[in-house]
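What follows is a structure written as C-alpha cells; I'll ask about it next.
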Amino acid sequence: MLVVDSLACNYGKVQAIRSLSIEVRQGELVTLIGANGAGKTTTLKAISGLLKPASGSIMFEGRDITGATPRDILALGIAHCPEGRRVFPYMTVRENLEMGCYLRSDTAEMNRDMDKLLDRFPILRERGDQAAGTLSGGEQQMLAISRALMSRPKLVLFDEPSLGLAPNIVASTFEIIRQIRAEGVTVIMVEQNAYSALELCDRAYVLEQGRVTLTGTGAELLDNPHVRNAYLGLSG
C-alpha cells in the first residue's frame, strides 16, 4: 500500500532522515519507535506532504506522491493526526469534525459518518456546540481522531497519540486505534510508549539518527535485547 524508499529530509542544513525505507501493507498497523530526534515525526510529515523530501520516493497504492501537496495526499486517502492533537480551539466540536471532510461533497454520507463517530464518542455529541479548546486533553484526542476519520481515510498517520494523556485515557486511546485498524483502516503510528505500541502493532521499525536500524513484528522487537534495554527499560 505504502512504500517509502531511500527517503531523505532536511530542516535547513540539518539532515533529519537519511536513506529511510519502510513498507506498509494494506490493513496493517505499523509503528515507528525511537528516541526524540530520531526522525519519526519527520517521516510522517513527508508522507502527508507537510515536508518536501530532499531525495527518495514515496509511493501510495502504486502512485508516486513524493512532494505532492497535503491537499492532494488527503484526497488520495491519507489522513494525518498530528502530535499534540492540534484541534481548532475557537471552533466548536462539530465545526472541527466538519473540517475533517472539507474535501468531500457527499453530504448525506458525511452526516452519517458524523453520527457514527458521535455515537462512538458520546462526550463529543454532548459537547458539540462547545469550543474545542475548552475540552480536556482526552476529549481533544477523541476529537482529533474523529476529525481524521471524517475524511474516510485508507491510511491514518498517528503521531504520539498518548502524549500528555492520563494513564486511563492512554489505554482507551490505544483501544480506539486498535478498533480503527480492525475496521479495515491501515495505520502508521509514532509512539513514545514503546511497550504498548509494540504490543498493539503488526510490525515495527526502530529509527535511530534518521535511519531504520531494526525491523520486525511487534513480538520480535519486544524480545530484542537492544529494544528492551534502549526503549523498554528492561535488561536482557
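FYI, it's all coordinate maths here, none of it is from the lab. In this text the structure is predicted, and so the values were computed from the model without any measurement. Quick reminder, even Gly has a Cβ in these numbers, built from the backbone with ideal geometry, and neighbours come from all protein chains shown.
Residues in the stretch 198-216: is at least one in contact with an Asp or Glu (Cβ under 7 Å, 6 or more places away or on another chain) and either under 30 Å from residue 8 (Cβ atoms) or touching a residue at least 40 places away in the same chain (Cβ under 8 Å) (or both)? It would help to see each step written out before you state the result.
Here is the first cut: in the stretch 198-216, the ones in contact with an Asp or Glu (Cβ under 7 Å, 6 or more places away or on another chain) are 202-203.
Of the ones still in play, those that are also either under 30 Å from residue 8 (Cβ atoms) or touching a residue at least 40 places away in the same chain (Cβ under 8 Å) (or both) are 202-203.
Yes - at least one qualifying residue is present in the stretch 198-216.
Just need a number here: residues in the stretch 127-139 that are touching a helix residue (DSSP H, G or I) at 6+ places or on another chain (Cβ under 9 Å) and in a helix (DSSP H, G or I). It would help to see each step written out before you state the result.
Taking the stretch 127-139 and keeping what is touching a helix residue (DSSP H, G or I) at 6+ places or on another chain (Cβ under 9 Å), we get 127-133, 135-139.
With the extra rule that they be in a helix (DSSP H, G or I), the set shrinks to 132-133, 137-139.
So the answer is 5.
Within the stretch 150-160, is even one residue surrounded by fewer than 21 Cβ atoms within 10 Å (Cβ to Cβ) and in a helix (DSSP H, G or I)?
The answer is no, given that none of the residues of the stretch 150-160 is surrounded by fewer than 21 Cβ atoms within 10 Å (Cβ to Cβ) and in a helix (DSSP H, G or I).
Looking at (1) over 28 Å from residue 195 (Cα atoms); (2) touching a Gly at 6+ places or on another chain (Cβ under 8 Å); (3) among the hydrophobic types (A, V, I, L, M, F, W, C); (4) part of a loop (DSSP other than H, G, I, E, B), find the lone condition where residue 87 falls short.
Status for residue 87: all satisfied but (1).
Among the listed residues 104, 112, identify the single one that is basic (Lys, Arg), over 17 Å from residue 88 (Cα atoms) and touching a residue at least 40 places away in the same chain (Cβ under 8 Å). Write out each step before concluding.
On the way: 112 fails: touching a residue at least 40 places away in the same chain (Cβ under 8 Å).
Only one candidate passes the filter, namely 104.
For the list (1) of a type in the set (Gly, Ala, Ser); (2) surrounded by fewer than 17 Cβ atoms within 10 Å (Cβ to Cβ); (3) closer than 23 Å to residue 104 by Cβ, I need the number of the one condition that residue 136 fails.
Looking at each condition in turn, residue 136 falls short on (3).
Answer with yes or no whether residue 142 is under 30 Å from residue 111 (Cα atoms), in contact with a Phe, Trp or Tyr (Cβ under 6 Å, 6 or more places away or on another chain) and part of a helix (DSSP H, G or I).
Working: under 30 Å from residue 111 (Cα atoms): yes; in contact with a Phe, Trp or Tyr (Cβ under 6 Å, 6 or more places away or on another chain): yes; part of a helix (DSSP H, G or I): yes.
Taking the combined requirement at face value, the residue satisfies it.
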